[in-house]
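A.B. asks: Mind having a look at this structure? Questions to follow.
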Amino acid sequence: MSVFPKDFLWGGATAANQYEGGWNEGGRGMTESDCSSSGSIKSLRSVTYRLPDGTAGSCPMFAPLPEGAKLDVVEGEYYPYHDAVDFYHRHSEDIALLGEMGIKLFRMSIAWSRIFPTGVETEPNQEGLDFYHTVFAELREQGIEPLVTLCHYDTPLYIEQELGGWENRETIGLFDRFARCVMSEYKDEVRYWLTFNEINSPLMMPSFLPNYPAAKMRSNFQVLHNQFVASARAVKFAHEVREDAMVGCMLAGRCSYPFTCDPADIINNLQGKQEALFYAGDTMVRGAYPSYARRLWQAWDVELNTEPSDFEDLAAGCVDMVTFSYYSSSTSTTHTDVERASGNFSSGAKNPYLQYSQWGWSIDPTGLRYFLNELYDRYQKPLMVVENGLGAKDVLEEDGSVHDPYRIEYMREHVRAMGEALADGVDLIGYTPWGIIDLVSASTGQMAKRYGFVYVDRDDEGNGTFDRYRKDSFFWYQKAIASCGEDLD
């Protein structure tokens with residue numbers, strides 16, 4: 001018998017900015033993603049801008065813009081998110097494929113700027129509302145529940161550029177309006193919600209980018225405070241409009257090990273997880289900042305701009321479940337004479353016990369079992385793995401087949417690890433592997449880095465038909481779902 005319960009939510013995950021396309025259709029407004037070009041495993045993506053005199057330029061992601069510059073689309077540049085993989089026009093085809101695969105839960109996001117184009121409107125864009133009604137109706141026809149992320153790295157560009165983004169407390173109220181609008185509009189169609197995708201990622205930046213500015217890190221703490229408050233308000237409202245709503249936080253999974261048994265490495269690993277993972281999880285699950293927060297604030301010279309009502313909101317809006325992404329594990333060390341793991345960003349010392357992917361990410365299914373136990377022991381809330389998968393190059397054969405045994409092997413071992421965690425007593429209720437249909441990579445902007453079980457004919461330069469092709473992994477996952485995780489061969 002399968003260790004997975006009969007009502008386990010087998011699914012798949014996407015995000016509007018990487019998957020939807022239709023960037024300037026249906027009344028949608030712009031986001032920062034619309035100004036992001038493509039990169040590669042060796043080079044960061046860039047964003048394009050214009051100076052006040054109209055001069056166009058570009059700079060690497062995460063780098064400060066020149067004085068007076070504003071993000072903008074520049075003629076002659078290729079922007080992979082503009083069309084993405086065209087779900088905006090091909091949603092019926094894709095949802096039929098998901099139904100054929102047998103999935104029960106489809107993780108997607110609502111593009112905030114498709115509902116409120118600049119984010120400051122008082123009335124929603126009806127064309128945007130109608131689009132998602134159509135998507136939800138098609139999912140329902142296939143027997144698929146939506147799991148909807150409210151903000152997946154796509155705050156409207158106007159809010160980011162003209163209002164200062166999430167560092168400005170005014171954005172909390174604007175998000176309130178958006179969240180209340182869509183939660184009311186879709187209350188009969190959506191039960192499962194996530195508030196912010198990988199909300200802890202701003203506090204992971206010092207481990208990714210050497211010499212990350214302390215001033216920027218201080219700003220990130222304020223951004224997170226405002227998002228914590230906004231999330232808590234959304235959780236509370238969701239329960240007001242639908243009694244059985246389940247709202248989760250979504251964390252960038254940081255499964256890390258001390259590289260050695262040197263006590264300095266043990267403490268380094270502990271403090272790294274407190275800052276980059278548990279600070280966010282503890283606050284959103286428990287409704288208050290954790291005891292070690294003061295030490296973090298002192299270390300970064302942080303003085304949060306807060307109001308007394310913020311802490312009442314946090315306490316009243318604890319999440320119902322904890323969800324997270326898990327692709328790989330990392331190691332933490334104070335030692336300098338070690339081989340570093342590569343990838344899009346730095347990810348600690350290279351673990352000699354693990355293999356690494358084409359993009360330099362460790363492959364560690366046992367780490368998923370460990371991480372599930374760690375989170376459940378800490379929070380005692382239902383868990384979902386809402387991103388997981390192997391980014392790899394795939395080859396479309398002349399007969400339309402795609403043979404991806406490397407992906408099947410990766411998925412098989414991670415599903416087995418989830419089974420072990422369930423046997424350990426972890427309350428794991430769902431699994432939505434990332435990019436179930438190929439989409440644009442967030443880290444590199446590439447199509448070549450594919451995760452899906454469905455191949456999309458699109459390349460890194462924007463060429464292709466957008467036609468869909470079932471990979472071997474499509475049929476493997478179909479069988480795994482039908483057997484409730486028992487038949488994984």
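A.B. asks: Run down F136, F106, F131 and say which single residue is touching a strand residue (DSSP E or B) at 6+ places or on another chain (Cβ under 7 Å), among the aromatic types (F, W, Y), assigned by TED's automatic domain parsing to the domain that holds A442 and assigned to a helix (DSSP H, G or I).
C.D. replies: When all the criteria are applied, what remains is F136.
Quick grid of which residues meet (1) surrounded by 19 or more Cβ atoms within 10 Å (Cβ to Cβ); (2) under 25 Å from S46 (Cβ atoms):
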residue: W112; (1), (2): yes, yes
residue: P117; (1), (2): yes, yes
residue: T122; (1), (2): no, no
residue: G128; (1), (2): yes, no
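A.B. asks: Right, another one. For segment 155-174, give me each residue that is touching an Asp or Glu at 6+ places or on another chain (Cβ under 7 Å) and of a type in the set (D, E, K, R).
C.D. replies: E160
Matching residues to (1) assigned to a loop (DSSP other than H, G, I, E, B); (2) at pLDDT 95 or above; (3) in the same structural domain as G22 (by TED's automatic domain parsing); (4) not hydroxyl-bearing (S, T, Y):
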site	(1), (2), (3), (4)
T444	yes, no, yes, no
G452	yes, yes, yes, yes
Y469	no, yes, yes, no
W476	no, yes, yes, yes
L488	yes, yes, no, yes
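A.B. asks: Suppose we keep only residues that are out of contact with any helix residue (DSSP H, G or I) (no Cβ under 8 Å at 6 or more places or on another chain) and charged (D, E, K, R) within segment 4-51. Which one would you say is farthest from D438 (Cα to Cα)?
C.D. replies: Of everything passing the filter in segment 4-51, R50 is farthest from D438 (Cα to Cα).
A.B. asks: Tell me the helices (runs of 4 or more DSSP H) entirely within segment 163-250 that contain at least 1 residues that are of a type outside the set (K, R) and closer than 23 Å to G29 by Cα.
C.D. replies: 170-185, 214-241
A.B. asks: Further, regarding this structure: Regarding G22, is this residue modelled with pLDDT of 95 or more, touching a strand residue (DSSP E or B) at 6+ places or on another chain (Cβ under 7 Å), closer than 30 Å to E138 by Cα and in a loop (DSSP other than H, G, I, E, B)?
C.D. replies: no
A.B. asks: Any residue in segment 369-377 that is of a type in the set (D, E), closer than 25 Å to R468 by Cβ and touching a residue at least 12 places away in the same chain (Cβ under 8 Å)?
C.D. replies: No - not one qualifying residue is present in segment 369-377.
A.B. asks: Follow-up question, since we're still on this one. Could you tell me whether any residue of segment 261-269 is under 18 Å from the mean Cα position of the chain (by Cα) and within 26 Å of F196 (Cα to Cα)?
C.D. replies: no
A.B. asks: In segment 166-197, what residues are among the small types (G, A, S) and closer than 24 Å to L383 by Cβ?
C.D. replies: If the condition is that a residue be among the small types (G, A, S) and closer than 24 Å to L383 by Cβ, then A179 is the only one that fits.
Residue by residue, here is whether (1) in contact with a strand residue (DSSP E or B) (Cβ under 6 Å, 6 or more places away or on another chain); (2) within 17 Å of G445 (Cα to Cα); (3) not assigned by TED's automatic domain parsing to the domain that holds G143 holds:
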residue	(1), (2), (3)
L51	no, no, yes
L65	yes, no, yes
A69	yes, no, yes
S92	no, no, no
A96	no, no, no
G119	yes, no, no
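A.B. asks: Within segment 140-159, can you find the residues that are touching a Phe, Trp or Tyr at 6+ places or on another chain (Cβ under 6 Å) and either among the β-branched types (V, I, T) or part of a helix (DSSP H, G or I) (or both)?
C.D. replies: I144, V148
A.B. asks: Looking at segment 170-203 only, could you name the residues that are surrounded by fewer than 17 Cβ atoms within 10 Å (Cβ to Cβ) and within 29 Å of A214 (Cα to Cα)?
C.D. replies: Hits for segment 170-203 are E170, G173.
A.B. asks: Among what's in segment 225-247 and is within 30 Å of D188 (Cα to Cα) and in contact with a Leu (Cβ under 7 Å, 6 or more places away or on another chain), pick the residue that is surrounded by the fewest Cβ atoms within 10 Å (Cβ to Cβ).
C.D. replies: V229
Per-residue answers, yes or no, for (1) among the β-branched types (V, I, T); (2) free of Cβ contacts under 8 Å to residues at least 60 places away in the same chain; (3) crowded, with 23+ Cβ neighbours inside 10 Å:
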| site | (1), (2), (3) |
| --- | --- |
| Y406 | no, yes, no |
| A423 | no, no, no |
| D427 | no, yes, no |
| Y431 | no, no, yes |
| I436 | yes, no, yes |
| L439 | no, no, yes |
| S443 | no, no, no |
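A.B. asks: Just give me the residues in segment 109-128 being out of contact with any Gly (no Cβ under 8 Å at 6 or more places or on another chain) and in a loop (DSSP other than H, G, I, E, B), in sequence order.
C.D. replies: Across segment 109-128, the qualifying residues are I110, V120, E121, T122, E123, P124.
The values are calculated or read from the model by the stated rules, or taken from the named source; none is laboratory data. Since the model is a prediction, treat every value here as computed from it, not as a measurement. Neighbour counts are summed over all protein chains in view; Cβ atoms, including those assigned to glycine, are modelled from backbone coordinates with ideal geometry.
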